[in-house]
Amino acid sequence: MTASGFPDITPELRATMPKLRGRLLANESLAPLTWFRVGGPAQVLFTPADEDDLAYFLKHLPRELPVYVVGVGSNLIVRDGGISGVVIRLSPRAFGEVSAEGDSVVAGTAALDKRVAEAAASANIGGLEFYFGIPGTIGGALRMNAGAYGTQIGSYVTEVKVYRSAPRKIEILRGDQISFEYRHTSFAPDDMMLAVTLSLPSKPYKEILQGIRICNEKRRASQPMGQKSAGCIFKNPPGASAGRMIDELGLKGLSVGDARVSDRHANFFINAGRASAHDMLTLITDVRERVEKTYGIRLENEVMVWSA
Ligand code: EPU
């Protein structure tokens with residue numbers, strides 16, 4: 001990256017894509033698109049107008065350019081140097097439609113988890129109560145098989161519409177063609193999920209509300225709310241709790257600049273002001289090393305890190 005950012009390749013891209021309708025921006029800061037509010041720009045940020053526009057863009061995009069997808073950035077750290085290549089932002093308006101009927105919910109991957117849970121609840125469909133308080137999109141949840149309070153999204157997936165890069169085309173995957181493990185899925189890194197169908201149990205609305213209330217109370221009692229965080233930073237290692245280990249080491253409140261280990265839950269890190277991505281990543285490395293030194297366990301990131 002030069003002092004003025006990455007080379008602006010948007011004029012060349014536009015020239016090869018005269019029918020493009022979405023928004024194509026050069027050197028656009030990604031920090032406002034993430035919950036941590038840290039990190040540098042995308043060389044190109046593209047917001048497709050709709051699915052056809054996305055397919056047109058990808059068809060004409062030079063193959064050598066790396067492609068990344070961002071939803072609401074609730075589990076993402078972009079490095080301060082930014083990202084060379086193309087970042088695609090799937091907007092809720094174009095990719096966030098949700099419908100719920102019978103025992104199934106169909107959602108565009110840019111739909112917020114909360115919206116999907118609400119749509120399910122109002123159709124007397126249960127199972128997604130735990131999603132009510134998760135601040136991400138259903139696409140992000142799908143990518144990492146997000147879960148809480150004993151449930152994870154993978155258990156309910158019957159179909160995923162995915163744009164695959166080799167060869168470039170849209171495919172419909174059945175749930176049993178995808179493996180869902182703890183905070184891990186078998187999607188390829190460059191698979192772009194566009195929509196998901198979930199099959200869920202029917203449940204009376206009142207019971208669903210009660211479930212939502214219980215999850216929210218548990219969350220409020222143990223996790224920081226309304227702060228710039230990314231949920232848990234580390235995955236729990238088999239049979240152990242990352243949060244408990246970090247807490248036992250007395251690391252709550254440990255800071256690098258404005259990057260801080262939450263006082264409430266030690267596996268949540270906070271941008272308490274003007275932290276940089278470097279501050280966040282230094283804190284993550286520091287905590288990982290301290291845990292490894294004492295417990296002999298190397299914590300794996302749950303948070304996604306993008307570097308140039
Ligand atoms: N604990 C501490 N100190 C802390 C945090 C936790 O001692 O600072 C202890 C708790 O008292 C408890 C144990 O560690 O005995 C486990 O803590 P908690 O119940 O909060 O669950 P967790 O394992 O830390 C996981 C998920 C959360 C999910 C909750 C509830 C991971 C990495 N985290 O947290 O998911 O909300 O269970 O089901 O699997 C996320 O993935 O981003 C996330 C927030």
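The values are calculated or read from the model by the stated rules, or taken from the named source; none is laboratory data. From a predicted model like this one, the values you see are computed outputs, not experimental measurements. Cβ atoms come from the backbone with ideal geometry, glycine included; neighbour counts cover every protein chain shown. Heads up: the accessible areas ignore ligands, DNA and RNA and are worked out on the full protein's heavy atoms, side chains in. Shrake-Rupley method; radii C 1.70, N 1.55, O 1.52, S 1.80 Å.
List of remarks:
- Where the stretch 180-285 is the region considered: accessible area per residue in Å², 1.4 Å probe: 49 Å²
- Taking other residues whose beta carbon is less than 13 angstrom from the beta carbon of Leu194, and scoring Lys, Arg as +1 and Asp, Glu as -1, yields -4.
- With only Cα atoms counted, the stretch 22-93 has Rg and Dmax values of 11.8, 33 Å.
- Considering only alpha-carbon pairs that sit under 8 angstrom and 6 or more positions apart, the relative contact order computed for the stretch 22-93 is 41 percent.
- Over the chain, DSSP H runs of length four or greater, each weighted -39,500 (n - 2.57), average out per residue to a 222 nm ellipticity of -8000 deg cm²/dmol.
- Protection-proxy order for peptides 244-253, 14-23, each taking the mean of Cβ atoms within 10 Å per residue, highest first: 244-253, 14-23
- Max-minus-min Cα coordinates of the stretch 157-254 on each principal axis give 50, 38, 28 Å, with the largest extent listed first.
- Probe 1.4 Å, all protein chains present, accessible-area order of Thr285, Thr10, largest first: Thr285, Thr10
- Square roots of 5 times each gyration tensor eigenvalue, C-alpha, the chain, largest first, Å: 30, 28, 16
- Rg followed by Dmax, in Å, when the stretch 95-205 is reduced to its Cα trace: 13.0, 44
- Accessible heavy-atom area order of His184, His278, His265, His60, highest first, probe of 1.4 Å: His278, His184, His60, His265
- Carbon and sulfur %, accessible surface of the chain computed with the full protein complex present, 1.4 Å: 49 percent
- Förster radius 45 Å - calculated FRET efficiency between Arg174 and His60 (Cβ-Cβ, nearest 0.05): 0.90
- 14 Å reach of a label modelled at Thr282, 7 Å along Cα-to-Cβ, counting backbone N of the stretch 26-52: none
- Shown here for the stretch 217-308: chymotrypsin sites (Phe, Trp or Tyr not before Pro) in loop regions (DSSP other than H, G, I, E, B) with at most 12 other Cβ atoms within 10 Å, of which there are none.
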